[in-house]
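Working notes, beginning with the structure itself.
The values are calculated or read from the model by the stated rules, or taken from the named source; none is laboratory data. This one's a predicted model, so the numbers in the text were calculated from it and none came from an experiment. Every residue, glycine among them, receives a Cβ derived from its backbone with ideal geometry; neighbour counts consider all protein chains shown. Note: areas computed on protein heavy atoms with side chains; ligands, DNA, RNA excluded. Shrake-Rupley method; radii C 1.70, N 1.55, O 1.52, S 1.80 Å.
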Amino acid sequence: AVVNERLQELVRMFKERTEKAKEKLIDPDSSDEDSIIQCEWESSLSFSNISTNTCTDLAWKAHLLRCSVLILMKPTLSSVSFFADLMYVLWLFLVCLAWNWNVWFIPVRWAFPYQTPENIYYWLLADYLCDFIYFLDITVFQPRLQFVRGGDIVINSFFEFNERLEAILAKAYIYRVIRTTTYLLYCLHCNACLFYSCSAWIGLGSTTWVYNGEGNSYIRCYYFAVKTLITIGGLPHPTTLFEMVFQLINFFVGVFAFSIMIGQMRDVVGAATAGQTYYRTCVDNTIKYMSSYRIPKDVQNRVKTWYNYTWQSQGMLDEQELLIQLPDKMRLDIAVDVNYSIVSKVPLFQGCDRQMIFDMLKSLRSVVYLPGDYICKKDEVGREMYIIKAGEVQVVGGPDGRTVFVTLRAGSVFGEISLLAVGGGNRRTANVIAHGFANLFILDKKDLNEILVHYPESNKLLRKKARLNRSKTKEPPQVPAAQVRAETPKLLRAALEMTEKSSGLKGAMAKVKEKTNKSSVSLQVNIF
């Protein structure tokens with residue numbers, strides 16, 4: 001019943017698609033938003049567009065049946081796969097515990113007198129339980145040691161638990177440090193067991209070098225193993241040839257074992273701090289370069305601030321360096337998971353082909369701008385379009401260039417007018433500065449043109465929306481300022497004053513003086 005309902009829904013969607021395609025054939029110049037044919041379920045399953053004029057009824061039915069089956073099975077398969085992987089990792093953890101039981105306690109039971117007739121049943125119960133776990137692992141979970149999957153030979157390793165656990169941990173280096181430390185402790189554990197076995201063979205307390213049988217035997221022998229392998233010193237001197245040979249072997253093994261462990265620990269810590277080391281190296285080299293060329297201090301401080309904020313907000317300086325090594329399919333999957341939720345909410349791209357948005361996601365670059373940075377300036381050639389990922393930017397202008405026209409926030413787009421060359425020009429129409437720290441996605445003009453070649457309908461829709469945005473964001477015409485009356489020359493004013501004093505005229509000359517004073521006052525008001 002569910003399959004039939006899905007088939008009916010798909011048939012209805014294809015009928016609507018056919019009608020829209022016929023309308024486009026009749027009116028090919030139309031660029032309305034309604035003319036964009038969307039088929040999200042088809043693009044999500046990565047099926048190519050199929051022409052309704054060339055497909056037969058049989059092909060349509062087969063395609064519909066295949067789509068419906070995949071749509072119905074997709075959630076089930078993903079959930080089952082996740083549940084199976086989780087159960088398998090938990091089972092590997094149980095097998096690892098059983099394996100560690102035997103690895104650690106078999107040497108103890110062989111060397112120390114901890115297994116007695118009174119507690120033999122408890123030891124045997126633990127042994128049989130571990131054997132039962134091994135039997136289930138061989139017969140149920142891993143019945144094959146080698147098999148072919150996808151043409152490749154797959155070998156099941158006994159240490160598969162370590163690989164799978166590191167794959168799911170966010171900070172795998174912590175587990176690697178713990179595992180390396182465990183290797184070191186196990187070497188000391190084996191040496192303690194050998195020392196007690198040799199002491200028992202020679203005779204407990206028979207010489208000053210062997211274990212004297214006092215206190216906890218395992219703790220005292222483990223203490224001797226630590227001092228021997230690490231070569232701390234203060235050890236009792238061997239008295240027999242066997243004791244000397246044993247001690248020499250301990251020294252040599254300690255040197256090689258600890259050098260290997262220290263090397264592994266250095267590699268683990270180095271791999272864990274590789275990103276931080278790279279960041280520090282870049283900062284130091286940049287500071288050295290700016291100091292050698294005597295860059296002003298304010299510029300140096302802004303560069304340091306950019307490095308600090310970018311590292312703290314992203315954990316890396318350039319995301320492309322990590323993704324460039326991956327195949328296109330994997331890069332697209334990561335880009336969709338990280339950026340699609342932001343780009344899909346942008347009004348400019350609503351109604352566009354979904355596959356076009358996927359292609360665009362692979363070309364986006366993330367850039368961080370500091371407070372007050374000019375992102376683009378008016379009348380410069382536009383080669384990039386910007387999508388705000390986080391933060392705010394302000395569109396400014398006016399006579400002084402500081403009047404804020406609008407504040408854009410996360411999810412807004414700007415720079416598309418000059419990028420799409422709407423209105424016959426490719427110049428920026430306004431100044432845009434960062435208001436606080438702003439993280440922006442940048443799309444290059446060349447990349448966008450290469451994408452839009454394959455999506456002509458989306459190209460028309462984007463240009464139409466860009467024209468609408470251009471008409472809305474046009475600045476009002478500036479009213480020319482009123483002409484200021486010129487100030488009366490000082491020489492003329494001085495001549496008037498002298499004439500008034502000498503002749504005593506206060507008629508027309510006084511009026512002229514009064515008008516002169518008024519004009520100078522009005523001029524000062526206009527200036528301030």
With charges set only on the Cβ (+1 for Lys and Arg, -1 for Asp and Glu), what does the dipole of the stretch 326-474 come to about its Cα centre, in debye to the nearest 20?
-> 520
Please compute the net charge surrounding ASN431, taking Lys and Arg as +1 and Asp and Glu as -1 over other residues with Cβ under 9 Å from its Cβ.
-> +3
Anything over 19 Å Cα to Cα? Flag those among LYS329/LYS460; LYS362/LYS460; LYS304/LYS378; LYS329/LYS446; LYS445/LYS465, in the order listed.
-> LYS329/LYS460; LYS362/LYS460; LYS304/LYS378; LYS329/LYS446
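What is the calculated FRET efficiency for THR182 to ILE249, with r their C-beta to C-beta distance and R₀ = 30 Å, to the nearest 0.05? Don't jump to the answer; show the numbers that get you there.
On the way: r = 23 Å, r/R0 = 0.76.
Taking R0 as 30 Å, the efficiency between THR182 and ILE249 is 0.85.
How much of the accessible area of the stretch 253-318, probe 1.4 Å, is carbon plus sulfur, in whole percent? Walk me through the numbers before you get to the answer.
Details: 2790 of 4570 Å².
Looking at the stretch 253-318 in its full context, I get 61 percent from C and S.
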Give the accessible area for LEU361 in Å² (nearest 10); use a 1.4 Å probe, count only protein heavy atoms, and leave out ligands, DNA and RNA.
-> 10
Among the stretch 427-442, those whose backbone N falls under 18 Å of a label point 7 Å along Cα→Cβ from VAL338 are 438-442
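Taking 0.36 nm per residue of sequence separation and subtracting the Cα-Cα distance, how much length would be gained by fully extending the chain between ARG467 and TRP123, in nm to one decimal?
Between ARG467 and TRP123, full extension yields an extra 115.6 nm.
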Simple label model, 7 Å out from Cα along Cβ direction - GLU214 to VAL226, nm | 2.0
So how strong a dipole does the stretch 266-329 carry about its Cα centre when Lys and Arg Cβ are +1 and Asp and Glu Cβ are -1, to the nearest 20 debye?
-> 380
Estimated distance in nm for a label pair at ASP298 and VAL89, the labels positioned 7 Å out from Cα along Cα-to-Cβ = 5.2
What FRET efficiency comes out for the pair VAL140/TYR374, r = Cβ-Cβ distance, R0 = 56 Å, nearest 0.05?
-> 0.30
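Express in nm, to one decimal, how much length is gained between MET13 and VAL406 on full extension, taking 0.36 nm for each residue of separation and deducting their alpha carbon distance. Present the calculation step by step, with values, prior to reporting the outcome.
Values: separation 393, 0.36 × 393 = 141.48 nm, distance 4.10 nm.
Value of the extension gain: 137.4 nm.
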Rounded FRET efficiency, nearest 0.05, which uses the C-beta distance separating CYS96 from ILE260 and R0 of 22 Å | 0.50
With each pseudo-label sitting 7 Å past Cα toward Cβ, what's the THR239-ALA390 distance in nm, one decimal?
-> 7.1
